[in-house]
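Since the structure comes first, as C-alpha coordinates, the remarks are kept for the end.
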Amino acid sequence: ANFKAFELHDYDDFAKQWVNQRWNQTGMVHCNFYHSLETSAVIMGDAAHATSPSIGMGMNTALRDAQIFSEILEETENDFTKALPAFSKARVKEGNALSDLAMHLYCK
(Lines give C-alpha, C1' and ligand atoms only; values in the text may rest on other atoms or scores of the structure.)
Protein backbone atom coordinates (compact mmCIF):
# COMPACT_ATOMS: atom_id res chain seq x y z
CA ALA A 1 0.00 0.00 0.00
CA ASN A 2 1.14 3.53 -0.75
CA PHE A 3 0.07 6.18 1.74
CA LYS A 4 1.00 9.45 0.07
CA ALA A 5 0.12 11.48 3.16
CA PHE A 6 2.92 9.68 4.94
CA GLU A 7 5.58 9.71 2.23
CA LEU A 8 8.91 10.73 3.64
CA HIS A 9 11.22 12.61 1.31
CA ASP A 10 13.71 14.21 3.68
CA TYR A 11 15.11 11.53 5.95
CA ASP A 12 17.78 13.85 7.37
CA ASP A 13 15.17 16.38 8.47
CA PHE A 14 13.06 13.61 9.99
CA ALA A 15 16.06 12.26 11.91
CA LYS A 16 16.90 15.74 13.26
CA GLN A 17 13.31 16.27 14.39
CA TRP A 18 13.21 12.88 16.06
CA VAL A 19 16.50 13.38 17.92
CA ASN A 20 15.59 16.91 19.04
CA GLN A 21 12.03 16.25 20.18
CA ARG A 22 11.04 16.67 23.81
CA TRP A 23 10.64 13.28 25.41
CA ASN A 24 7.82 12.43 27.74
CA GLN A 25 8.94 11.63 31.25
CA THR A 26 6.76 9.05 32.91
CA GLY A 27 6.05 9.52 36.57
CA MET A 28 5.44 6.79 39.07
CA VAL A 29 3.55 6.68 42.34
CA HIS A 30 4.56 4.25 45.09
CA CYS A 31 2.73 4.28 48.42
CA ASN A 32 3.27 2.25 51.58
CA PHE A 33 -0.41 2.53 52.46
CA TYR A 34 -3.58 3.80 50.78
CA HIS A 35 -5.46 5.11 53.80
CA SER A 36 -5.52 7.56 56.67
CA LEU A 37 -7.41 6.55 59.78
CA GLU A 38 -7.01 10.07 61.15
CA THR A 39 -9.02 11.57 58.29
CA SER A 40 -11.01 8.44 57.35
CA ALA A 41 -9.70 8.74 53.81
CA VAL A 42 -8.66 6.22 51.21
CA ILE A 43 -6.92 6.66 47.88
CA MET A 44 -7.20 4.37 44.89
CA GLY A 45 -6.57 4.34 41.16
CA ASP A 46 -3.97 6.80 39.87
CA ALA A 47 -3.82 8.56 43.23
CA ALA A 48 -2.43 5.35 44.70
CA HIS A 49 -0.49 3.84 41.80
CA ALA A 50 -0.11 6.11 38.77
CA THR A 51 1.69 4.49 35.86
CA SER A 52 2.49 5.03 32.23
CA PRO A 53 -0.56 4.47 30.03
CA SER A 54 1.55 2.22 27.81
CA ILE A 55 0.57 -0.97 29.65
CA GLY A 56 -3.15 -0.18 29.60
CA MET A 57 -3.86 -1.22 33.18
CA GLY A 58 -4.79 2.07 34.87
CA MET A 59 -8.56 1.91 34.53
CA ASN A 60 -8.70 -1.85 35.16
CA THR A 61 -6.70 -1.50 38.36
CA ALA A 62 -8.76 1.47 39.56
CA LEU A 63 -11.97 -0.50 39.03
CA ARG A 64 -10.48 -3.46 40.87
CA ASP A 65 -9.52 -1.13 43.75
CA ALA A 66 -13.14 0.03 43.97
CA GLN A 67 -14.45 -3.54 43.88
CA ILE A 68 -12.07 -4.72 46.60
CA PHE A 69 -12.85 -1.69 48.79
CA SER A 70 -16.58 -2.34 48.42
CA GLU A 71 -16.11 -5.99 49.42
CA ILE A 72 -13.98 -5.02 52.43
CA LEU A 73 -16.56 -2.47 53.56
CA GLU A 74 -19.21 -5.17 53.41
CA GLU A 75 -17.03 -7.68 55.30
CA THR A 76 -16.22 -5.14 58.04
CA GLU A 77 -19.80 -3.81 58.21
CA ASN A 78 -18.58 -0.34 57.18
CA ASP A 79 -16.16 -0.10 60.12
CA PHE A 80 -13.53 2.25 58.69
CA THR A 81 -11.06 1.47 61.47
CA LYS A 82 -10.95 -2.09 60.10
CA ALA A 83 -11.74 -1.48 56.42
CA LEU A 84 -9.12 1.15 55.62
CA PRO A 85 -6.07 -0.80 56.85
CA ALA A 86 -7.49 -3.96 55.27
CA PHE A 87 -7.75 -2.17 51.94
CA SER A 88 -4.13 -1.03 52.11
CA LYS A 89 -3.04 -4.55 53.02
CA ALA A 90 -5.01 -5.99 50.11
CA ARG A 91 -3.95 -3.52 47.40
CA VAL A 92 -0.57 -1.86 48.07
CA LYS A 93 1.55 -4.82 46.94
CA GLU A 94 -0.34 -5.14 43.63
CA GLY A 95 -0.35 -1.37 43.04
CA ASN A 96 3.40 -1.14 43.54
CA ALA A 97 3.96 -4.16 41.30
CA LEU A 98 1.94 -2.43 38.57
CA SER A 99 4.02 0.75 38.92
CA ASP A 100 7.24 -1.27 38.84
CA LEU A 101 6.13 -3.15 35.71
CA ALA A 102 5.19 0.06 33.91
CA MET A 103 8.54 1.65 34.74
CA HIS A 104 10.44 -1.49 33.71
CA LEU A 105 8.68 -1.57 30.35
CA TYR A 106 9.14 2.18 29.86
CA CYS A 107 12.88 2.01 30.53
CA LYS A 108 13.54 -0.89 28.14
Selection from the stretch 65-81 of residues without any contact (Cβ under 8 Å) to a residue 12 or more places away in the chain and part of a helix (DSSP H, G or I) yields GLN67, SER70, GLU71, LEU73, GLU74, GLU75
Determine if the stretch 45-59 includes at least one residue that is under 13 Å from ASN32 (Cα atoms), touching a helix residue (DSSP H, G or I) at 6+ places or on another chain (Cβ under 9 Å), buried (at least 18 other Cβ atoms within 10 Å of the Cβ) and not polar (S, T, N, Q). yes
Selected residue (only one of LEU84, LEU105 is part of a helix (DSSP H, G or I) and surrounded by fewer than 15 Cβ atoms within 10 Å (Cβ to Cβ)): LEU105
Against the definition (among the hydroxyl-bearing types (Ser, Thr, Tyr), modelled with pLDDT of 90 or more and assigned to a loop (DSSP other than H, G, I, E, B)), how does THR61 come out, yes or no? no
Assuming GLN67 fulfils every condition listed in (1) at pLDDT 85 or above; (2) surrounded by 13 or more Cβ atoms within 10 Å (Cβ to Cβ) apart from one, which condition is it? (2)
Mind listing whichever residues of the stretch 52-65 are β-branched (Val, Ile, Thr) and within 21 Å of LYS89 (Cβ to Cβ)? THR61
Would a scan of the stretch 44-56 turn up a residue that is more than 15 Å from MET28 (Cα to Cα), modelled with pLDDT under 95 and assigned to a helix (DSSP H, G or I)? no
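The values are calculated or read from the model by the stated rules, or taken from the named source; none is laboratory data. Note that the structure is predicted; figures quoted are calculated from it, not measured. Note that we place each Cβ from the backbone using ideal geometry, even for glycine, and neighbour counts take in every protein chain shown.
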